[in-house]
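The values are calculated or read from the model by the stated rules, or taken from the named source; none is laboratory data. Keep in mind that what you see is a predicted model, and the values were worked out from it rather than measured. Every residue, glycine as well, gets a Cβ built from its backbone with ideal geometry; the counts of neighbours run over all protein chains shown. Please note that ligands, DNA and RNA were not included when accessible areas were found on the heavy atoms of the full protein model with its side chains. Shrake-Rupley method; radii C 1.70, N 1.55, O 1.52, S 1.80 Å.
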Protein chains: 2
Amino acid sequence: MRTLEVELGPRSYPIHIGSGLLARPDLLAPHLRGQRLVVVTNETVAPLHGDRLRALLEGQDVTWIELPDGEAHKTLATVEAILTRMLEARLDRGSTLIAFGGGVVGDIAGFAAAIYQRGIDFIQVPTTLLSQVDSSVGGKTGVNHPLGKNMIGAFHQPRAVIIDTESLATLPLRELRAGVAEIIKYGLIQDADFFAWLEQHIEALLALDPQVTTEAIYRSCACKAEVVAADERESGRRALLNLGHTFGHAIEAGMGYGEWLHGEAVGTGMAMAARMSEQMGWLQPAERERAEKLIERAGLALSPPPELTAERFRELMAIDKKVMDGQLRLVLLRAIGSAVVTGDFPPDALDATLPGSEVRDRGVG
Amino acid sequence: MRTLEVELGPRSYPIHIGSGLLARPDLLAPHLRGQRLVVVTNETVAPLHGDRLRALLEGQDVTWIELPDGEAHKTLATVEAILTRMLEARLDRGSTLIAFGGGVVGDIAGFAAAIYQRGIDFIQVPTTLLSQVDSSVGGKTGVNHPLGKNMIGAFHQPRAVIIDTESLATLPLRELRAGVAEIIKYGLIQDADFFAWLEQHIEALLALDPQVTTEAIYRSCACKAEVVAADERESGRRALLNLGHTFGHAIEAGMGYGEWLHGEAVGTGMAMAARMSEQMGWLQPAERERAEKLIERAGLALSPPPELTAERFRELMAIDKKVMDGQLRLVLLRAIGSAVVTGDFPPDALDATLPGSEVRDRGVG
C-alpha cells in the first residue's frame, strides 16, 4: 500500500492506494465521526463489489443507495432523490457519506454531501481507474445541466480516499484505456520523468500489474495534488489539468454524451493539442511523436471521428465553460512535461488541427 | 455610513451600512470582477426598490431575475430555474450575482451563486431588517426540503454586503419587529452593553431613526461576526446564534410555515429560553424580566399560540436539525450577554417551559 497525503491545511486528507484495501477497516475507522453512514453506489458496482464494502461496514448503521448507472443520471434530480433518502433516514450533520463507484457516482454523491445540511463528511472509494486518478484530488463535485456538463456543483474535499486496485479487475477494457489517458496527461503536463516511466510500463499498466498500477495511480494523484495545492480554487495553474479537455468535450458533446468515454475523448484531445502545439512551433516533432505514440499504445484514437466537422468543433468549443469573456483558451504543450494555458494562438494553428481542410481553404476562422 | 470588515482571511469582506447607499456606485465597483451581472430579486422588492438598483447598475450587462415572493418558493426547483436562466444568459465563472431582497431571496440566490459552475462571486443587498442583521454574516445559503427547513445548502461568503437603511421604510411593521427580535438576540447571547443600549433606544429603532438603525445593524453584525469568526464552520460557539430558534422553529412549523414570521417565532422562543433558564436557576428573575420586557416592547409575543400543545412542541423539536445523535440541545442563558449550549437539563425545566401543564401532571417526558 502507498499513501499520499493531500495537503490542504485543515482539510488535508490521505489517499490510500493498494490491492485489497476494501478488507482494511483500519483505513476507514479514523474518518468516521458520527454513528450513521450513507453509501451511494450504482447498480453496476454494487453487484460486483458491494459485498466487500458491506463486510467492511458490518455493524454500522448504513443507508445504502443504488443509483442507475450512467452519465444520463448525473442530474440535480438524482441529487434531490439522494437528499430525500438521507432525510428520511434522519442522517444528521455528523453523518458520513461514502461514494462508492466511478467518477459519475463520485461527482453526484460528493455534491449531495456538499449540500446536505450545508455539507457533511464524505469518503471516496473510487472503483474505476479514471476516477481513481482524477476525482481523488481536487474536491470537484457536481452534476450536469441540460445546457452544459458540470454546470452545477461545489468544491467539497473528502476526508479520505481509499483506492482498492482489485476493483479494476472487473473494469471493461475501454474504461481502463480511458483511465490511462488521464494518467498520460499528468506526464504530459508536468512530469517528464513520469512520462518516460509510462513509456516503460504502459503494457504492464494495461495488464493491471499490481505494483505498476499502484505506482501509476500514486504518481498521478501526486501530480494532480501538486497542481491543486498551488491553486485550490481553479484559477491559474489548475487549468493545465484541462489538457485535451476542450477538444475532448467537443468530441463528447458532438457524438452525444456517453458515446465516447470522457477519457477516450481526452486521449484524442491530447493528441490534437500535441499536434497544434507542434503547428505553433512549440513542441518538437519528436516529442509530438512520443506523445502520439504513447496515446496510441494505450489503445486510444489519435483523431476525432470523421463526422465531426471543423465548424461543429468550433461551435462546441465556444460553449465549453473554459471560455471566459468570449475568448477561447487552450492548454498546449511547450515540451513533454510542460504545459501552458493560452488564449493567444494564430487561428491557422487551430484550423490545421481541426478535422478536414475545407475551413482553411475557404479562409474562414 | 459605517463599515464593518468581516475577517475571514482570503474571504474577508466589508458590510457597508447607511442611509442612501443604493445611490453609491463606488461601494459596488471594487467588487465587480467580470463583465456580466445577474440580479436575483422578487416581485415585492423589485417594484419598491428595483429602480434604484437598476440606476446603480446602469451601463452594465445585467440579467434580471424576479422570483415569486415567499418561503414557499425557497426550493431546489427555484434554484434550478435561476441556474437555467444564468446558463441561457451565458454567464461564466467571472460573473457576479447580486442578491437583492430579504432573507429568502438571499438564501436562494446565495445558494445559486454557490453552486453555479462550482461557485461564483455574489454581493448581498439585503432589504429587510432581519436579513440585514442575520444573513449579512455567516455565509449560510440554502433552500428548504419538504422534510425540513434549510436542509439543502452551502456555506458561501459574499464579496460585499451593502445595506441601505432606506429600504426599511417600506417594510411592514410585523417584519420590522421580527428583525428587532434578532437584534435583541445578539444583546442576550453575548453583549450586555448592547442589550442595555437597546433598552435605551428600542422605540427609536422601531421608528427607524437613521442613526439608531445604522448603529443597531452595525452592532448586530459585529456581534455575529465575532461569533462566526471564532467558528466559521458551525460547530461550537456558532450554535449560540440559535438562541430561541429551537422553540421558534417548533412554533413556525407547528403553525404552518409563513403563519408566524421567523423573527416573531424567535422572539417568543427567546422569551421561552429565558424562562427555562430561570427555571434551572441560571438566570436571575430580574434579568429574565428585563429580557421579557424588551421582547415585549419590540411588539413580540412572550408565549406561543395556545393551540400548540407541549406534546406537539416535543415532536417538532425532535426533528429540528440541531438535534445531534438524538439528543436535544438548547441554547440557554446564564445572564444577559452570556449564553451556553446544553443538552444536559432536567426534563422538568423543559416541561415547565412548554405550554400547559398536562404533560407534567401525567409525569410524561
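Here the Karplus curve 6.51 cos²θ - 1.76 cosθ + 1.60, taken at θ = phi - 60°, turns the phi angles of the range A:296-311 into couplings of 5, 4, 6, x, 9, 6, 8, 10, x, x, x, 6, 8, 7, 4, 4 Hz, with x standing for Gly and Pro. Between their Cα atoms, which of B:LYS74/B:LYS149; A:LYS149/A:LYS185; A:LYS74/A:LYS149; B:LYS74/B:LYS224; B:LYS74/B:LYS140 are more than 19 Å away from each other? Check vs 19 Å cut-off fails for A:LYS149/A:LYS185; B:LYS74/B:LYS224. Would you work out if the range B:2-169 is rounded, prolate or oblate? Take a ≥ b ≥ c from the square roots of the eigenvalues of the alpha-carbon gyration tensor; rounded if a/c is under 1.5, else prolate when a/b is larger than b/c, oblate otherwise. Verdict is rounded for the range B:2-169. Dimensions of the protein assembly as shown along the principal axes, based on C-alpha atoms and rounded to the nearest Å, stand at 86, 62, 34, largest first. Between the Cα long axis of helix A:192-206 and the first principal axis of chain A there is an angle of about 70°, rounded to the nearest 10. Assuming charge only on the beta carbon of Lys and Arg (+1) and of Asp and Glu (-1), the dipole of the range B:265-304 about its Cα centre is about 60 debye to the nearest 20.
Shown here for the range B:36-69: GluC sites (Glu not before Pro) in loop regions (DSSP other than H, G, I, E, B) with at most 10 other Cβ atoms within 10 Å, namely B:GLU58.
Ordered from largest to smallest accessible area (heavy atoms of protein chains, 1.4 Å probe), the residues A:PHE111, B:PHE345 come out as B:PHE345, A:PHE111. Applying the criteria of a DSSP loop state and at most 15 other Cβ atoms within 10 Å to the trypsin sites (Lys or Arg not before Pro) of the range B:210-275 yields B:ARG233.
Rounded to whole Å, the principal axis extents of the Cα atoms in the range B:173-362 read 52, 34, 32, largest first.
The relative contact order of the range A:173-362 comes to 28 percent, based on Cα pairs under 8 Å that sit 6 or more residues apart. Within the protein assembly as shown, antiparallel bridges make up roughly 40 percent of the DSSP beta bridges whose residues both belong there.
For the rotational copies A and B, the chain A residue with its Cβ nearest the relating axis, together with that separation in Å, is A:ALA154, 3. Helix content alone sets the calculated 222 nm mean residue ellipticity of chain B: runs of n ≥ 4 DSSP H residues at -39500 (n - 2.57) each, divided across all residues, give -14000 deg cm²/dmol. With r as the distance between the Cβ atoms of B:GLU43 and A:MET255 and R0 = 30 Å, compute the FRET efficiency 1/(1 + (r/R0)^6) and round to 0.05. Taking R0 as 30 Å, the efficiency between A:MET255 and B:GLU43 is 0.10. For the range A:78-235, averaging the sequence separation of C-alpha pairs within contact (under 8 Å, six or more residues apart) and dividing by the residue count gives a relative contact order of 20 percent. Projecting 7 Å from Cα along the Cα-to-Cβ direction, the label point of A:GLU199 sits 8.2 nm from its equivalents in the other copies, listed shortest first.
When the charge dipole of the protein assembly as shown is built from unit charges on Cβ atoms (+1 for Lys and Arg, -1 for Asp and Glu) and taken about the Cα centre, the candidate among B:LEU243, B:LEU87, A:ALA222 whose Cα reaches farthest toward its positive end is A:ALA222. Take chain B with all the other protein chains still there, run a 1.4 Å probe, and you get 37 Å² of accessible area per residue.
For chain B, the dipole from Cβ point charges (+1 on Lys and Arg, -1 on Asp and Glu) about the Cα centre works out to 760 debye, to the nearest 20. Annotation for the range B:40-99: trypsin sites (Lys or Arg not before Pro) lying in DSSP loop with at most 16 further Cβ atoms inside 10 Å of their Cβ are B:ARG90.
Helix B:103-115 and the long axis of chain B differ in direction by around 60°, with both axes built from C-alpha atoms.
Of the beta bridges DSSP finds with both residues in the range B:2-169, what % are antiparallel, to the nearest 5? If I count the DSSP bridges inside the range B:2-169, around 30 percent turn out antiparallel.
Taking the accessible area of the protein assembly as shown, probe 1.4 Å, and keeping the other protein chains in place, the carbon and sulfur fraction comes to 49%. Backbone N atoms of the range B:1-43 closer than 19 Å to the 7 Å Cα→Cβ label point of B:GLU58 belong to residues B:20-30, B:37, B:39. Accessible surface buried by the B/A pair amounts to about 3200 Å², both sides summed, 1.4 Å probe. Only Cα pairs under 8 Å and 6+ residues apart enter the sum, and on that basis the relative contact order of the range A:2-167 stands at 27 percent.
Using alpha carbons only, how many degrees (0 to 90, rounded to 10) separate the axis of helix A:210-229 from the longest principal axis of chain A? Taking the Cα atoms of chain A, the angle to A:210-229 is about 80 degrees.
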